[in-house]
Amino acid sequence: MNRDGWSGLVLLALAGGYYWATGAIPNSTLEDEVGAIGLPRALAIALAVLGLILAVRGFLAARATAAAGNTGTAIEDEERDARIPRALGFLAFGAAYVLLLPYVGYFISVALLIASVALYEGAPKRWTVPVAALGGALLYWAVFVKLLGVNQPVGTLFQGLF
Amino acid sequence: MATFWDIIHLLTGTPLIFVAIMGLVWGILGGALPGISASITMALVLPFTYTMDPAMAIALLACVYIGAEYGGSIPAILIRTPGTNSCAATVIDGYELNRQGRAGEALGISLMSGVVGSLFGLAMLVLLTEPLSWLALAFTPPSYFGLGILGLSVIASMTGGSLVRGLAAAVIGLMIATVGTDPISGVTRFTFDVPDLLNGVEPVLVMVGLFALTELMSQSGSTDLTQLKESVRIRLPSLSMMNKLKRSQTIGCVLGLFEGLTPGGGGSIAAFMSYNEARRWSKTPEKFGKGSEEGVAAPETANNTVASTALIPLLSFGIPSSNSTAVLLGGLLMHGLLPGPRLFEQNPQVIDSLYVGSFVAIIAQIGVGILLLPAAVWLVNRPRPYRAGFIFALILSGIYTLNNSGFDLGIALALGVVGYFMRLCKFPFLPMILGVVLGHMVESSYRRSLVLSDGDMMVFLQDPICVGLLLAAAGFVIYSLTREVLDARKAKLKEAHG
């Protein structure tokens, strides 16, 4: 199955899940002709149709490729697929930041984020990493907390200290 | 239209000058970073505008756009890597001039051509947008429905070669727009008892997730490109050189105006078209590709013109024709400003600030551009791993300022994953953004119209503005589809003939 085929199947699953979720939309006494459920159901059906078209197109294209005797994937596609775990790993630092933020607070979370992303992206393991991380955290803390007055979390671990 | 005293008040009684210059600085620095497009630069600053005065916020975003268009030409000329997509045409002769040791001259031509294009674009914006606002008083709920449909019809030209993928992206965007409280009955939809979802998913989260986070994820693991020369200095063109560039700048202005007004046009197309036309009309076409000054002037004039003229359909009809104008639309919506005719009627101060702020930014661009070059070069030369860490931290810090909510961070990260896979599977982003920002208007005006007419669908055909807008939308879709089919046929024929 090629890219179109897989995307089509994902869209079909998304359309099915979304349609199922419309069942939880409550009725209202202010209901109009279309209702709160009207557009969501129409969208679910539209997405299902589009997903089906993509899936069929992908299936036919894959069959044509196989019939032509070319079963291998392009080098470009293989390289692209190999980069997926790396990209998702990058975002995992963001998820860790979200989880840590309420506990260790803004300053430490930002410093950890900058340091870990820099190392993950290939920065040499030298003193510059913690210095850049702490400098960056200080800069962002000054801009967001002091200058813009954003109520960034102090962190439950340090609540008594500040 | 603002009076002379209104303008004086804006310049002296508000922080507009400061805002315009800050936007310009941010735009130039962001645009100079390879991989950070004008729309990403704008999306990064979007969360900061949340607590600002709406007029200042919109002026800031417009000035970021202006700055990013010039900033993108810096790496295009110095390291053959366009900072923004619309500077791709500048690479051809800009980098050649750099190789000949004339980088400062190329940067100067780019800067001054950008100023010429921006001033022309701004003049057109002021002249053309105001008359269109006269339609404001005649707009009814069916007209707004027609307007929303016309906006969505832009999708037809933004599908990146696959209409099905573009439509699917738009439907997903519309689905996201249905999350939250229903605009007519007030019941909740797809909130799953999560209080943070009651107000729906903010468009800014979708934009930051799709544009900025997806770009960072895609760049993960890539290696640094050539470093910029630290010693380069801008050399502004002489009067005789400006005279020589007149023809190519005029071509850039005209095509920039045309492409800015065309939904789906954008700076890249305008820049390449201008480059080609400038070569065709040049007295020295043989110099193109070998370090022609006109080859830098034409695309830079064009893409800077588009930065202003693309705001005409956005401000007058609420139609974003590019990623950058979609971000600006997100900024308008974030501040509760309904894009389109009502904006002129109810919030003239927003329009005035945008015009005056843009003018300040364009004029200041000459000085700021020269002064900021060393900073831009320094920033581009920072090692990519640190840059990625700082940008990621900036994005997450910015998102938190919206509602002081960790939930928003989670939504943006999730949308980053969605965007990454959409990009892998070649799904375009703009249709999804359009779905998110226009979904609410389309649904609520459609249903409001039916409530007013007791369910009679003829209400849409009885409103002449609605009919006109729907016909325009249909015409636009048919034109885009025909072009797509013809292009595909042409490509097949080319393939068949080797």
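The values are calculated or read from the model by the stated rules, or taken from the named source; none is laboratory data. No experiment lies behind these values; they were computed from the predicted model shown. Cβ coordinates were reconstructed from backbone atoms using ideal geometry, including for glycine residues, and neighbour counts include every protein chain displayed. Protein only, heavy atoms only, side chains kept; ligands, DNA and RNA dropped before computing areas. Shrake-Rupley method; radii C 1.70, N 1.55, O 1.52, S 1.80 Å.
For the reader, a short list of remarks on this structure follows.
- Some residue of the range A:53-63 being modelled with pLDDT of 90 or more, facing another protein chain (nearest Cβ under 8 Å) and open to solvent by less than 40 Å² (accessible area, probe 1.4 Å): yes
- Residue ID - farthest from the other protein chains (Cβ to nearest Cβ), chosen from residues in the range A:121-156 that are among the polar types (S, T, N, Q) and in a helix (DSSP H, G or I): A:Thr156
- Residues within the range A:19-34 that are more than 7 Å from every other protein chain (Cβ to nearest Cβ) and crowded, with 16+ Cβ neighbours inside 10 Å, tallied: 2
- Wholly enclosed helices (runs of 4 or more DSSP H) of the range B:299-355 bearing at least 3 residues more than 18 Å from the chain's Cα centre (by Cα): B:341-346
- Boolean, B:Ile319 is open to solvent by less than 30 Å² (accessible area, probe 1.4 Å), at pLDDT below 90 and within 14 Å of chain A (Cβ to nearest Cβ): no
- The helices (runs of 4 or more DSSP H) found wholly in the range B:177-270 and carrying at least 3 residues that are modelled with pLDDT of 85 or more occupy B:214-219, B:239-244, B:246-261.
- Residues in the range B:23-54 that are more than 30 Å from B:Leu97 (Cα to Cα) and surrounded by fewer than 24 Cβ atoms within 10 Å (Cβ to Cβ): B:Leu44, B:Val45, B:Phe48, B:Tyr50, B:Thr51, B:Met52, B:Asp53, B:Pro54.
- Unmet requirement for B:Thr90, which otherwise passes all of (1) free of Cβ contacts under 8 Å to residues at least 60 places away in the same chain; (2) closer than 17 Å to B:Ser268 by Cβ; (3) in a helix (DSSP H, G or I): (1)
- Odd one out for A:Asn2 among (1) within 23 Å of B:Met432 (Cβ to Cβ); (2) without any contact (Cβ under 8 Å) to a residue 60 or more places away in the chain: (2)
- The residues listed here are B:Gly410, B:Gly357, B:Gly419, B:Gly398; of these, the one that is within 9 Å of chain A (Cβ to nearest Cβ) and in contact (Cβ under 8 Å) with a residue 12 or more places away in the chain is B:Gly398.
- Cβ-Cβ under 8 Å pairs, at least 6 apart or on other chains, the range B:471-498 side farther than 20 Å from B:Val164 by Cβ, far side surrounded by 11 or more Cβ atoms within 10 Å (Cβ to Cβ): B:Ala472/B:Leu150; B:Ala472/B:Ser153
- Verdict on B:Val350 being out of contact with any Cys (no Cβ under 6 Å at 6 or more places or on another chain) and farther than 26 Å from B:Glu277 by Cβ: yes
- Residues of the range B:169-190 that are open to solvent by 10 Å² or more (accessible area, probe 1.4 Å), more than 8 Å from chain A (Cβ to nearest Cβ) and under 23 Å from A:Ala13 (Cβ atoms): B:Ile176, B:Ala177, B:Val179.
- Residues being touching a residue at least 12 places away in the same chain (Cβ under 8 Å), surrounded by fewer than 21 Cβ atoms within 10 Å (Cβ to Cβ) and within 7 Å of chain B (Cβ to nearest Cβ) - total across the range A:94-115: 1
- Considering (1) buried (at least 17 other Cβ atoms within 10 Å of the Cβ); (2) modelled with pLDDT under 90; (3) more than 8 Å from every other protein chain (Cβ to nearest Cβ), the lone condition that A:Ala67 does not fulfil carries the number (1).
- B:Leu471 being open to solvent by 80 Å² or more (accessible area, probe 1.4 Å) and modelled with pLDDT of 85 or more: yes
- Test for B:Tyr400: is it among the hydroxyl-bearing types (Ser, Thr, Tyr), in contact with a Phe, Trp or Tyr (Cβ under 9 Å, 6 or more places away or on another chain) and buried (at least 19 other Cβ atoms within 10 Å of the Cβ): yes
- Within the range B:367-393, considering residues that are out of contact with any helix residue (DSSP H, G or I) (no Cβ under 7 Å at 6 or more places or on another chain) and without any contact (Cβ under 8 Å) to a residue 24 or more places away in the chain, the one farthest from B:Ala106 (Cα to Cα): B:Arg382
- The listed residue being facing chain B (nearest Cβ under 10 Å), open to solvent by less than 50 Å² (accessible area, probe 1.4 Å), modelled with pLDDT of 90 or more and closer than 26 Å to B:Thr188 by Cα, out of A:Ala118, A:Ala48: A:Ala48
- Failed item in (1) of a type outside the set (S, T, N, Q); (2) surrounded by 20 or more Cβ atoms within 10 Å (Cβ to Cβ); (3) free of Cβ contacts under 8 Å to residues at least 12 places away in the same chain, with B:Ala302 passing the rest: (3)
- Any hit, the range B:483-497, residues being open to solvent by 10 Å² or more (accessible area, probe 1.4 Å) and not in a helix (DSSP H, G or I): yes
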